[in-house]
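Report on the following structure.
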Amino acid sequence: MTSYIQPFTNMVRPDGVIENAQTVQQRRLSDMRGFYADAVAEEAAAASDPMIYEVYYAYVPEAVPGELGICTTTIYPGKIGAEYYMTKGHFHGKIDRAELYFGLSGSGMLVMETPDGQTNAQPMGKGTSAYVPPYWAHRTVNVGSEPFVFLACFPADAGYDYGTIAERGFGILVVERDGGPQVIANPRR
Ligand code: S6P
Ligand code: ZN
């Protein structure tokens, strides 16, 4: 017999807080050492171990095909050297799973890359709907002076492959140049 999941709603605040969230994940600089291009700046910032981003999960289902995960990400404003605060970034463990992002507040960039090295960067802000297609690794970056907040909805069985990006990074970085964001080639590639 089918056991039905009960329908539900959540209040999602513009600052990314989800009321009655199932779990909240915090990522400080110490959780992502080696991700920023400027190792000297990263070392200097490590002393205060700033909060880089937080993820509120409205729903974290088991990895059941057909189910959806729902969460917000709040990336705080700041830079390590010239590089803006950003998420770790990942391929999905099931690499052909797509994802929807929806901008809630602030301004950011969505950086993506295919396994064969095609890169793409899309600006995001309040009201932006962004499609992360199958096979594209994805990272978000806060390019503004306020928190950048977006909602994500993803197939419950998508999973995470963090290792590939942790090892080689993305082919492009988002840095501040002349007072604004600029997408440049990753010098470590
Ligand atoms: C999950 C989705 C997002 C990220 C979140 C944090 O598939 O893409 O919810 O998990 O933005 O980024 P990361 O790279 O640390 O998981
Ligand atoms: Zn994802």
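The values are calculated or read from the model by the stated rules, or taken from the named source; none is laboratory data. This is a predicted model, so every value here is computed, not measured. Cβ sites come from the backbone with ideal geometry, for glycine too, and all protein chains shown count toward neighbours. Please note that ligands, DNA and RNA were not included when accessible areas were found on the heavy atoms of the full protein model with its side chains. Shrake-Rupley method; radii C 1.70, N 1.55, O 1.52, S 1.80 Å.
With contributions of -39500 (n - 2.57) from each DSSP H run of at least four residues, the per-residue ellipticity at 222 nm computed over the chain stands at -2000 deg cm²/dmol.
Based on Cα contacts under 8 Å between residues 6+ apart, the chain shows a relative contact order of 24 percent. Ranking of Thr2, Thr87 by solvent-accessible surface, largest first: Thr2, Thr87 (1.4 Å probe, protein heavy atoms only, all chains present).
Could you identify which residue out of Pro65, Pro134, Pro14 has the top mean-square fluctuation in a GNM of the chain using Cα springs shorter than 10 Å? Largest GNM mean-square fluctuation: Pro65. Taking amide hydrogens as placed 1.01 Å from N in the peptide plane, the amide H of Arg97 sits under 5 Å from those of Tyr135, each at least 5 positions away in sequence or on another chain.
Note on surface exposure: Tyr135, Tyr162 rank Tyr135, Tyr162 by accessible area, highest first, 1.4 Å probe. A crude spin-label estimate for the pair Thr23 and Tyr162, with each label 7 Å from Cα along the Cβ direction, gives 1.1 nm.
Run through the range 1-85 and list the GluC sites (Glu not before Pro) located in a DSSP loop whose Cβ has at most 11 other Cβ atoms within 10 Å.
Passing both the DSSP loop test and the Cβ count: Glu19, Glu62.
If you wrap the chain's Cα atoms in a convex hull and average its projection over all directions, what's the area in nm²?
In nm², the orientation-averaged hull projection of the chain is 11.1.
Out of Leu68, Tyr57, Gly81, whose Cα points farthest toward the positive end of the dipole of the chain (charges: +1 Lys, Arg; -1 Asp, Glu; placed on Cβ)? After comparing all options, I get Gly81.
Of all the options Met112, Met51, Met86, the one that moves most in a Gaussian network model of the chain with Cα springs shorter than 10 angstrom is Met51. Only lysines eight or more places from Lys79 in sequence, or on another chain, were considered; those with a Cα closer than 20 Å are Lys88.
Considering the chain as a Gaussian network with a 10 Å cut-off on Cα pairs, which listed residue, Asp161, Asp15, Asp178, attains the greatest mean-square fluctuation? Maximum among the listed residues: Asp178. Loop-located chymotrypsin sites (Phe, Trp or Tyr not before Pro) in the range 1-98 (DSSP state other than H, G, I, E, B) with a sparse environment of at most 15 neighbouring Cβ atoms within 10 Å: Tyr4, Phe8. Could you please report the charge total around Ile172, scoring K, R as +1 and D, E as -1 over all other residues with beta-carbon less than 14 angstrom from its beta-carbon? Residues near Ile172 contribute +3 overall.
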